[in-house]
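FYI, it's all coordinate maths here, none of it is from the lab. From a predicted model like this one, the values you see are computed outputs, not experimental measurements. Backbone-built Cβ (ideal geometry, glycine too); neighbour counts: all protein chains shown.
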Amino acid sequence: FELFDDFEFEFRNVWADNADVISCAYSGTGALKTDFTRTGNRTKAGALQDLQNSIVRYVKNNFLDGTRQDAYDLFLKYDVNPSGSYPLVDNRPLQIKALPVVLLVGSAMLAGSIILPEDSLSTAVILFASFWLAIITYVFKFLVANGIQYVNWPKLVPLPYGSYAHGLTHPVIAGAVTNPVAASAPGQGQEAQLTDEQILTQMQAIKDEEANAHPLVDHSVDLLELAQEYENGSEAFKKKIENLSDTHDRMRRSRGDGNCFYRAFAFAWFERVMLAIKSKPELHINAVRTIEETKDLLLAAQFELLAFEDFYQVTLETLQNLVHYTSEELLTAFQNDEVSNSIVMHFRLVASAFLKTHQDEYAPFLEFGQTMDEFCSMHVEAMGRESEEMMLIALTKATHVSIEVAYLSGNQSADEVNFLPFLPDTAPYMPPLVLLYRPGHYDILYRKSHCLEGVI
């Protein structure tokens with residue numbers, strides 16, 4: 001539509017306005033880089049606006065968000081125990097709560113000692129200023145090192161990683177932590193002596209324990225079994241699942257370990273190729289060629305061969321072996337930690353390499369001041385990090401594989417599931433793979449009309 005200036009102008013502005021509305025709902029400010037969306041170029045005014053929005057987001061997310069979450073919980077029928085203690089009390093010790101005030105007073109004293117005295121170089125003034133400078137330095141270092149204690153955490157349904165360190169107590173989600181020291185709350189006779197590192201380690205252990213309770217990739221099941229998970233929950237979810245079952249009859253779960261998109265994508269693709277080897281052998285030939293080409297893509301993105309060769313080789317060999325695999329053998333391969341995680345890691349690197357070699361297209365969508373290398377290192381290449389839409393676009397384009405994602409949400413305004421297509425121009429014409437997205441998780445979905453024989 002670049003040929004129609006008026007339409008392009010309207011389209012860009014509608015797109016940017018929509019981004020602002022959505023961003024305000026979840027971040028408290030308008031979207032970043034809307035100057036690029038509106039004009040196709042970065043501007044000084046846009047950069048300054050992004051700086052302001054980033055500062056406002058930092059303040060709101062760290063110092064106002066807990067109260068906002070408590071308000072949501074009240075509207076969502078948080079059960080208040082009339083005989084219990086006041087849930088919104090701040091349990092931090094007085095000396096911890098007073099430190100920001102000490103920093104403010106110290107800064108005022110230091111400024112006064114420099115500005116007000118006529119003889120600002122007298123011994124008394126220098127000693128006075130040095131004293132307050134030392135206080136400010138100590139308090140500032142403490143605040144930086146223990147910033148988690150000053151975040152505005154939700155209190156009605158507290159986050160398990162919101163526990164306070166340095167002997168401070170904080171309740172945790174019931175049943176989430178089995179460690180009695182970590183789970184103790186005020187008045188229980190124990191105090192949690194947890195450092196920030198111990199809190200993160202504990203939460204990772206909880207996440208790993210939950211993930212390990214499920215196989216990396218499971219057998220397919222009737223889609224209506226998913227509705228049973230919401231038997232006592234959201235009616236909107238149940239209704240949408242029932243409507244979805246009119247066109248899709250089975251699903252396959254993948255482990256919710258942060259790698260579910262890459263694992264579900266890989267299994268769905270490999271399964272499609274394997275089941276079609278006899279009727280459409282060209283699918284297998286093209287898939288092998290595509291994986292072989294990812295080696296050149298990774299090298300073009302400046303990845304060292306030594307760093308990705310093992311992952312690449314496992315992925316290629318698994319794909320080549322599809323001619324000998326049964327459905328059960330493919331599932332067994334993906335349930336093997338070494339094989340399955342190597343394939344996931346390879347596809348993560350492929351998505352990263354595609355983004356790095358197409359920076360001009362995708363860099364404008366990054367957070368203010370973030371480089372593509374930083375984004376890929378933190379969010380794409382790191383195992384266990386959940387996938388965003390940009391990663392889905394990158395991987396489907398790099399592998400020439402079409403997918404569509406069924407977004408299952410608790411939105412009460414519609415009974416139908418929304419489908420979002422990712423259809424690369426280079427993908428062969430055939431029904432796209434289907435993934436089912438629930439908040440934070442991807443599984444595999446099978447259509448009734450295109451369900452291939454042999455799916456287990």
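Check K155: other-chain or 5+ apart residues with amide H under 5 Å from its amide H, H built from backbone geometry?
Those qualifying (amide H under 5 Å, at least 5 residues apart or on another chain) are D70.
Stretch I285-D415 to full length: gain in nm at 0.36 nm per residue minus the Cα-Cα span?
42.7 nm
Which is farthest toward the positive dipole end of region 1-115 among Y26, L74, N41, measuring Cα position about the Cα centre, with Cβ charges +1 (Lys, Arg) and -1 (Asp, Glu)?
In region 1-115, that residue is L74.
Would you kindly derive the ³J(HN,Hα) couplings of region 271-284 from the backbone phi angles with the Karplus curve 6.51 cos²θ - 1.76 cosθ + 1.60 (θ = phi - 60°), listing them in order in whole Hz, with x for Gly and Pro?
Each residue's phi maps through the Karplus curve to give 5, 4, 5, 5, 6, 9, 4, 6, 8, 9, x, 5, 4, 5 Hz.
How far apart, in nanometres, would the label points at E329 and A47 be if each is projected 7 angstrom from Cα along the Cα-to-Cβ direction?
5.8
Provide the gained length on full extension for the span A363 to S122, in nm with one decimal, where the gain is 0.36 nm per separating residue minus the Cα-Cα distance.
Residue separation times 0.36 nm, minus the Cα-Cα distance, leaves 81.3 nm.
Which one, S409, Q370, T396, is farthest towards the positive end of the dipole of region 362-423 when Lys and Arg carry +1 and Asp and Glu -1 on their Cβ?
Comparing the listed Cα positions along the dipole, T396 ranks first.
Taking H as built 1.01 Å from N, whose amide H comes closer than 5 Å to the amide H of K280, not counting residues under 5 places away?
Residues meeting the amide H criterion: none.
Just want the ordering: D222, D35, from fewest to most Cβ atoms lying within 10 Å of their own Cβ.
In order of increasing Cβ crowding within 10 Å: D222, D35.
Find how much the distance from N243 to Y429 grows on full extension, using 0.36 nm per residue of separation minus their present alpha carbon separation; answer in nm with one decimal.
Taking N243 through Y429 to full extension adds about 64.3 nm, to one decimal.
What is the antiparallel percent of DSSP beta bridges lying wholly in region 326-456, to the nearest 5?
Here the antiparallel bridges make up roughly 65 percent for region 326-456.
Identify, among A268, L306, T318, the residue whose Cα sits farthest towards the positive end of the charge dipole of region 264-338, taking +1 on the Cβ of Lys and Arg and -1 on the Cβ of Asp and Glu, with the dipole about the Cα centre.
A268
Where the centroid of each part is defined by its Cα atoms, how far is region 373-430 from region 37-74 in Å?
Comparing the Cα centres of region 373-430 and region 37-74, I get a distance of 25 Å.
Residue by residue through region 214-225, which ³J(HN,Hα) values in whole Hz follow from phi under the Karplus form 6.51 cos²θ - 1.76 cosθ + 1.60 (θ = phi - 60°), with glycine and proline marked x?
10, x, 4, 9, 9, 5, 6, 9, 4, 4, 5, 5
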